[in-house]
Amino acid sequence: MREVLQRLNAVNGMKGSLVVTPDGLPIATDLPAALEIEATAGLGACMGKMITGWAGQTGMKEVALGMLETGKSRLFVSAITWGFLVAVAEKRCPLGEARLEMRNAAARLNEICAGLASSVQEEESRSEPFGRHDDEKP
Amino acid sequence: MSRQISAWQREIRRNPGSAAFARLADRLREEGRLDEATWVCARGLAANPRYSTGHAILGEILHQVGLKARAKEEFLLALDLDVHNARARLRLVGLLLEEGEAQKALEHLESILFWQPHHEEAQSLAKQARALLRSRQIEAVIGPQQEELPQPGEGEEALVAPPGLVAGREGELARRVAECESVGGVMIVNREGLLVANEAAFQELKDEAAAGLASMCETSNRYLLKLGLGYLEGGLIEEKAGAIRIFRYQGYLMAVLLKEGAKLGAAEVEIRGAIDRLDRRRKLRASDTLSDDLPAETKHA
């Protein structure tokens, strides 16, 4: 996941990016020190949910990308299988390239998520009734 | 021992198969694959939110990542769900000791040592906690830095509304923009979140969508300020079939639906052109009202 973020961050003017769960838990981050991880993750996920929620009201079925811009920055959000990909860029960041790389990164992250989901299924099929909790002493 | 087994049986009956994701997440954590471990654990907990050990493992992962506050929340949640979860309690103690909260750490350790007086890790941590208390080496916990945020509405910056966008005449601008080749619909919402004009495909939209747009923009504006990124000026929402471009002006929000296949850059030029043409028309109308005694140069200008 980190490699995907690093590639995304290579876009000119891109400051950093992260993968968050829908409730704002940071899964993978590659952010500059100026951006606090927990705040960016929490607020990024909130903005992602608001954007997809409002787009649904207008009749959009599947939001591929959301972008919010300020006088000096741009914040990109893409919905992925298990949450959101959030990226923060400077305003000078080339919009076309950033949008393309966001889409590529989201597709790659979805592949990774699918791989992990199948690992969980394998683990579940292998699981024994009392296989865990060795360290838990009620 | 039989008490332990029956407790585990109860837990497994409550969450059948739930240990699988936790075991995988724990293994990924041990291998240092923290991103994947977080993902697996968060996903598993969404399906099994009352699985105490899962929360403890997620706490450990977050602690390792450096997200101590979130880790603490997970340990506390694990203990809320299962007060006897020694793993969660020990990790919480470790976190408290790192923060210099020796007294609180000791209280948790006493709880473990009451039931398991020979628990080695708990004994060792208790020694550390007592040493910290005795030598008064507890460092003051540094609170999170509170950045001064501009108050919403005070000195707020947003794009200056084009001269064509004035109260009572919003419909004219909406019609102009809707006439653009790449535009499929237009919606203008005022500061109060009320729909003041809508054209073409957006004619179907009701007040709820207008209020939703206003709420989304104002909340996002606050969040962007909190992140130190500045005031919201606009946005873009894309799907496979089209896109919505949002402009945030002083007192107004305008959402423009772009037709499928429309190029973003070209559409933006076209929309701005339509706004400018209306602005020029308004200025021309204003010049008609100028009195004849003004100098000719001024009128020409």
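A few comments on the model shown:
- Exactly one residue out of B:79, B:62, B:58 is part of a helix (DSSP H, G or I) and under 19 Å from residue B:113 (Cβ atoms), and it is B:79.
- Output for the stretch A:92-109, where each listed residue is at pLDDT 90 or above, in contact with a Lys or Arg (Cβ under 9 Å, 6 or more places away or on another chain) and farther than 23 Å from residue B:40 by Cβ: A:98, A:101, A:104
- For residue A:113, the conditions (1) at the interface with another protein chain (Cβ under 9 Å from one of its Cβ atoms); (2) in contact with a Leu (Cβ under 9 Å, 6 or more places away or on another chain); (3) closer than 19 Å to residue A:30 by Cα are fulfilled apart from (2).
- Selection count where residues are facing chain A (nearest Cβ under 7 Å) and surrounded by 21 or more Cβ atoms within 10 Å (Cβ to Cβ), scope the stretch B:213-222: 3
- Criterion (touching a residue at least 24 places away in the same chain (Cβ under 8 Å) and over 32 Å from the mean Cα position of the chain (by Cα)) met by exactly one of B:110, B:98, B:121: B:121
- Condition check for residue A:47 on (1) of a type outside the set (Phe, Trp, Tyr); (2) free of Cβ contacts under 8 Å to residues at least 40 places away in the same chain; (3) out of contact with any Ser or Thr (no Cβ under 7 Å at 6 or more places or on another chain): one failure, at (3).
- Of all residues in the stretch A:54-99, those satisfying the criterion of being at the interface with chain B (Cβ under 7 Å from one of its Cβ atoms) and either over 23 Å from residue B:265 (Cβ atoms) or in contact with a Cys (Cβ under 6 Å, 6 or more places away or on another chain) (or both) are A:54, A:57, A:61, A:62, A:82.
- Matching residues in the stretch B:1-39 - criterion: being at pLDDT 55 or above, surrounded by fewer than 20 Cβ atoms within 10 Å (Cβ to Cβ) and small (Gly, Ala, Ser): B:32
- Checked against (1) over 13 Å from residue A:54 (Cβ atoms); (2) at the interface with chain A (Cβ under 7 Å from one of its Cβ atoms); (3) in contact (Cβ under 8 Å) with a residue 12 or more places away in the chain, residue B:236 meets all criteria but (1).
- Odd one out for residue B:100 among (1) more than 30 Å from residue A:85 (Cβ to Cβ); (2) more than 12 Å from chain A (Cβ to nearest Cβ); (3) in a helix (DSSP H, G or I): (3)
- Residue match in the stretch B:40-48 (condition: under 28 Å from residue A:33 (Cα atoms), modelled with pLDDT of 85 or more and assigned to a helix (DSSP H, G or I)): yes
- Residue within the stretch B:240-254 that is in a strand (DSSP E or B), more than 14 Å from chain A (Cβ to nearest Cβ) and at pLDDT 85 or above present: yes
- Taking the criterion of being more than 9 Å from chain B (Cβ to nearest Cβ) and under 19 Å from residue A:82 (Cα atoms), the only residue of the stretch A:25-40 that qualifies is A:30.
- Single residue of the stretch B:72-93 satisfying the filter (buried (at least 23 other Cβ atoms within 10 Å of the Cβ) and under 25 Å from the mean Cα position of the chain (by Cα)) that is farthest from residue B:110 (Cα to Cα): B:74
- Lone qualifier among A:63, A:86 - being surrounded by fewer than 24 Cβ atoms within 10 Å (Cβ to Cβ) and in contact with a strand residue (DSSP E or B) (Cβ under 9 Å, 6 or more places away or on another chain): A:63
- The stretch A:89-107 - residue that is in contact with a Leu (Cβ under 9 Å, 6 or more places away or on another chain) and of a type outside the set (A, V, I, L, M, F, W, C) and, of those, surrounded by the fewest Cβ atoms within 10 Å (Cβ to Cβ): A:96
- Test: residue B:184 is within 26 Å of residue A:106 (Cβ to Cβ) and either at pLDDT below 90 or among the β-branched types (Val, Ile, Thr) (or both): yes
- Scope the stretch B:47-65; condition without any contact (Cβ under 8 Å) to a residue 40 or more places away in the chain, touching a helix residue (DSSP H, G or I) at 6+ places or on another chain (Cβ under 7 Å) and small (Gly, Ala, Ser); matching residues: B:54, B:56, B:59
The values are calculated or read from the model by the stated rules, or taken from the named source; none is laboratory data. Note that this is a predicted model, so its numbers are computed, not measured. Please note: Cβ atoms are built from the backbone with ideal geometry, for glycine as well, and neighbour counts cover all protein chains shown.
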